[in-house]
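Note sheet for the following structure.
The values are calculated or read from the model by the stated rules, or taken from the named source; none is laboratory data. As the structure is a prediction and not an experimental result, all values here were calculated from the model. FYI the Cβ positions are ideal-geometry reconstructions off the backbone, even for glycines, and counts take in every protein chain you see.
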């Protein structure tokens with residue numbers, strides 16, 4: 001998941017970006033004023049925007065109004081040092097999804113960020129299931145048929161993103177956009193390598209239980225389908241049971 | 001013990017004053033009318049007495065048939081009111097006639113010959129009596145031209161009717177005045193109440209003003225009424241100044257809260273970040289150092305806010321006369337900041353200092369705070385290998401300090417706000433260099449407290465020039481110690 005952080009206090013931004021990267025493993029882009037923040041957000045590649053209210057050049061409320069004015073549905077979490085119900089009501093009415101008052105708890109910020117991303121993707125529970133596949137977004141663990149599957153952080157993030165996007169063909173470009181921040185050198189073959197490894201690990205889990213090689217047919221044909229030239233998607237049989 | 005005097009309402013005082021004036025004039029009218037009525041009534045009374053005496057005189061006739069006397073009073077022809085009294089004596093002391101209701105009075109011929117009034121009580125009634133010496137020539141037809149006969153007439157009439165008339169008139173005036181007083185009292189109260197209505201409306205409007213609603217729109221009539229116009233203007237100007245200062249305070253509190261909360265949020269997040277995952281000892285050490293740096297920044301913000309609060313509260317109270325030698329302060333500040341300048345590879349250049357002493361009305365501490373704030377500001381905005389020039393010139397009554405840097409300059413849109421508290425022209429730059437947004441606000445507070453002026457001029461891309469003009473400390477205070485306490 002990729003998060004845009006709009007915060008003008010350098011030290012706070014450093015800490016927040018580090019926490020979001022190290023905790024849930026998000027890709028984080030940082031904008032230091034409202035103008036840059038708005039320009040970044042216009043790309044619509046973010047799964048969450050963390051927006052400070054008091055910003056130079058363009059304040060947080062204006063950024064929010066402009067985004068919502070463009071029908072941008074990206075979840076927005078506001079960071080505010082202002083007290084008072086009026087300010088909060090105004091924020092929520094302007095289209096904010098949640099807010100945190102400074103000084104906030106870093107753990108709470110991460111939890112709220114995860115919840116907002118989840119909600120933004122239409123899932124209510126932190127544990128996502130698709131057929132025999134179970135993804136626990138809190139512990140960042142994956143099970144297939146109850147068997148734990150060991151994944152690298154990047155592999156996990158690819159799977160989580162795919163599980164969040166049922167019935168949709170996710171292009172390599174989209175995966176790149178949502179899993180890496182803009183400091184990353186974009187190479188689609190990096191994605192290909194990770195997806196290949198991910199598919200292998202998920203299939204091996206089935207092999208372990210059945211004790212035999214997977215058939216070319218049936219659901220063991222591969223959890224992740226490759227649509228040539230278009231991208232990837234979770235095997236339709238799995239995503240059919242996407243939500244609990 | 002002296003009780004506090006509660007001032008009465010203006011309306012009450014006006015009513016009492018008007019009624020008192022009315023009462024005084026009523027008393028005056030009564031007294032004057034009494035005098036006038038008495039005078040005019042007694043005048044006509046006296047005319048009447050004369051008339052009666054004349055008719056008595058007419059009744060005195062020749063008495064040819066009388067052996068001894070030759071005049072007599074013919075009372076049968078006399079028609080006088082029954083209450084009146086009279087008597088007529090001849091000069092020889094013979095009584096010619098007398099009214100029936102009276103015993104009479106012995107004639108006194110020593111009295112003045114004509115018209116003498118006196119008072120008398122007869123039968124228990126007050127009388128006004130006229131004594132009249134008359135004469136008549138009788139037997140005109142006889143040879144020798146007739147005989148002159150003198151006699152005295154005493155005529156009196158009761159005065160009670162006159163007094164009754166006088167009293168009646170005076171009573172009429174008194175009662176009239178009193179009625180007028182009773183009617184005008186409430187009338188004045190009502191008129192005053194009506195007349196003061198615009199004042200009450202103005203007060204009601206003014207009382208609606210609160211910190212949440214500064215709206216004060218007096219009716220146009222209040223502005224045009226001569227008595228209300230100054231009050232309206234005063235209220236309006238006080239409110240607008242209060243509103244401005246209140247909004248400024250509120251903005252300051254809000255900005256300060258934001259700064260402090262942000263600084264706390266930085267420290268808190270720095271600490272919590274360490275707990276997000278397991279880290280190596282080196283990582284913990286680096287994290288703790290960052291936390292310490294964040295705490296120092298919070299400390300700096302708090303210290304500067306307190307400095308600003310001290311300067312601004314002192315500005316309103318008379319400060320003790322304090323002076324310092326600005327050239328000496330400049331030398332010390334230069335020495336202090338030399339390390340920072342070397343670190344940033346910026347050259348600090350001081351022009352020639354004036355030969356005379358330049359004492360300014362500031363404490364040495366504030367003077368150096370001012371200089372270091374301005375120099376640090378210039379240092380923060382100077383690129384490496386540039387230089388900062390400082391010039392100090394002295395005129396007859398003031399010192400001018402010019403600090404010129406060759407940094408990136410200030411945006412013309414930003415320039416008017418640089419002295420605002422917590423204002424940061426370019427946050428990414430100033431935050432990175434550790435600015436709190438209070439340095440220039442503190443500098444201005446110090447300069448204004450000393451009665452000076454500070455101006456920042458800037459050419460984007462070429463540099464910024466800060467010009468501070470401070471008045472020289474007055475002669476009488478120059479006896480105080482002037483070397484800064486280093």
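List of remarks:
- Any hit, the stretch A:78-89, residues being away from chain B (no Cβ under 14 Å), part of a loop (DSSP other than H, G, I, E, B) and either surrounded by fewer than 20 Cβ atoms within 10 Å (Cβ to Cβ) or at positive phi (or both): no
- Any hit, the stretch A:27-34, residues being facing chain B (nearest Cβ under 9 Å), touching a strand residue (DSSP E or B) at 6+ places or on another chain (Cβ under 6 Å) and under 29 Å from residue B:290 (Cβ atoms): no
- Number of positions in the stretch A:12-37 that are crowded, with 22+ Cβ neighbours inside 10 Å and either more than 21 Å from the chain's Cα centre (by Cα) or part of a helix (DSSP H, G or I) (or both): 9
- Scope the stretch A:224-244; condition modelled with pLDDT of 75 or more and in contact with a strand residue (DSSP E or B) (Cβ under 8 Å, 6 or more places away or on another chain); matching residues: A:224, A:225, A:226, A:227, A:231, A:232, A:233, A:234
- Scope the stretch B:437-458; condition under 21 Å from residue B:297 (Cβ atoms) and in a helix (DSSP H, G or I); matching residues: B:439, B:440, B:441, B:442, B:443
- On the stretch given as the stretch B:266-281, residues that are more than 14 Å from residue B:292 (Cα to Cα) and more than 7 Å from every other protein chain (Cβ to nearest Cβ) total 5.
- Residue A:69 vs. criteria buried (at least 20 other Cβ atoms within 10 Å of the Cβ), farther than 27 Å from residue A:156 by Cβ and more than 10 Å from every other protein chain (Cβ to nearest Cβ): no
- With respect to the conditions (1) away from chain B (no Cβ under 14 Å); (2) touching a strand residue (DSSP E or B) at 6+ places or on another chain (Cβ under 6 Å); (3) modelled with pLDDT of 90 or more; (4) under 27 Å from residue B:263 (Cα atoms), residue A:115 falls short on a single one, namely (2).
- Scope the stretch B:336-365; condition in a helix (DSSP H, G or I) and either crowded, with 16+ Cβ neighbours inside 10 Å or touching a helix residue (DSSP H, G or I) at 6+ places or on another chain (Cβ under 8 Å) (or both); matching residues: B:336, B:337, B:340, B:341, B:364
- All positions within the stretch A:2-26 that are at the interface with chain B (Cβ under 7 Å from one of its Cβ atoms) and more than 19 Å from residue B:263 (Cα to Cα): A:22, A:23
- Complete set of residues in the stretch A:119-136 that are outside any loop (DSSP other than H, G, I, E, B), buried (at least 20 other Cβ atoms within 10 Å of the Cβ) and touching a residue at least 40 places away in the same chain (Cβ under 8 Å): A:128, A:130, A:133
- Any hit, the stretch B:229-251, residues being within 14 Å of chain A (Cβ to nearest Cβ), in a helix (DSSP H, G or I), modelled with pLDDT under 85 and closer than 25 Å to residue A:11 by Cβ: yes
- Subset of the stretch B:366-413 (residues that are in a loop (DSSP other than H, G, I, E, B) and crowded, with 16+ Cβ neighbours inside 10 Å): B:381, B:382, B:386, B:405, B:406, B:407, B:408, B:409, B:410
- Filtered residues of the stretch A:156-173 (kept if more than 18 Å from residue A:135 (Cα to Cα) and out of contact with any strand residue (DSSP E or B) (no Cβ under 7 Å at 6 or more places or on another chain)): A:173
- Test: residue A:44 is in a helix (DSSP H, G or I) and either at pLDDT below 90 or more than 10 Å from chain B (Cβ to nearest Cβ) (or both): no
- Exclusive hit being within 27 Å of residue B:303 (Cα to Cα), at pLDDT 85 or above and not assigned by TED's automatic domain parsing to the domain that holds residue B:251, set B:371, B:347, B:392: B:371
- Residue within the stretch B:62-73 that is exposed (fewer than 14 other Cβ atoms within 10 Å of the Cβ) and either in a strand (DSSP E or B) or modelled with pLDDT of 80 or more (or both) present: no
- Screening the candidates B:254, B:217 for the property of being out of contact with any helix residue (DSSP H, G or I) (no Cβ under 7 Å at 6 or more places or on another chain) and within 14 Å of chain A (Cβ to nearest Cβ) yields one hit, B:254.
- Test: residue in the stretch B:210-221 that is over 23 Å from the mean Cα position of the chain (by Cα), surrounded by 13 or more Cβ atoms within 10 Å (Cβ to Cβ) and either modelled with pLDDT under 85 or assigned to a loop (DSSP other than H, G, I, E, B) (or both): yes
- Those residues of the stretch A:137-155 which are touching a strand residue (DSSP E or B) at 6+ places or on another chain (Cβ under 7 Å) and surrounded by 15 or more Cβ atoms within 10 Å (Cβ to Cβ), in sequence order: A:137, A:141, A:142, A:143, A:144, A:149, A:151
- Filter result for residue B:263 (over 30 Å from residue B:210 (Cβ atoms), surrounded by 12 or more Cβ atoms within 10 Å (Cβ to Cβ) and within 12 Å of chain A (Cβ to nearest Cβ)): yes
- Test: residue in the stretch B:186-208 that is free of Cβ contacts under 8 Å to residues at least 24 places away in the same chain, more than 25 Å from residue B:9 (Cα to Cα) and exposed (fewer than 13 other Cβ atoms within 10 Å of the Cβ): no
- One residue stands out among those in the stretch A:90-111 that are touching a strand residue (DSSP E or B) at 6+ places or on another chain (Cβ under 8 Å) and part of a loop (DSSP other than H, G, I, E, B): the one that is farthest from the other protein chains (Cβ to nearest Cβ), which is A:95.
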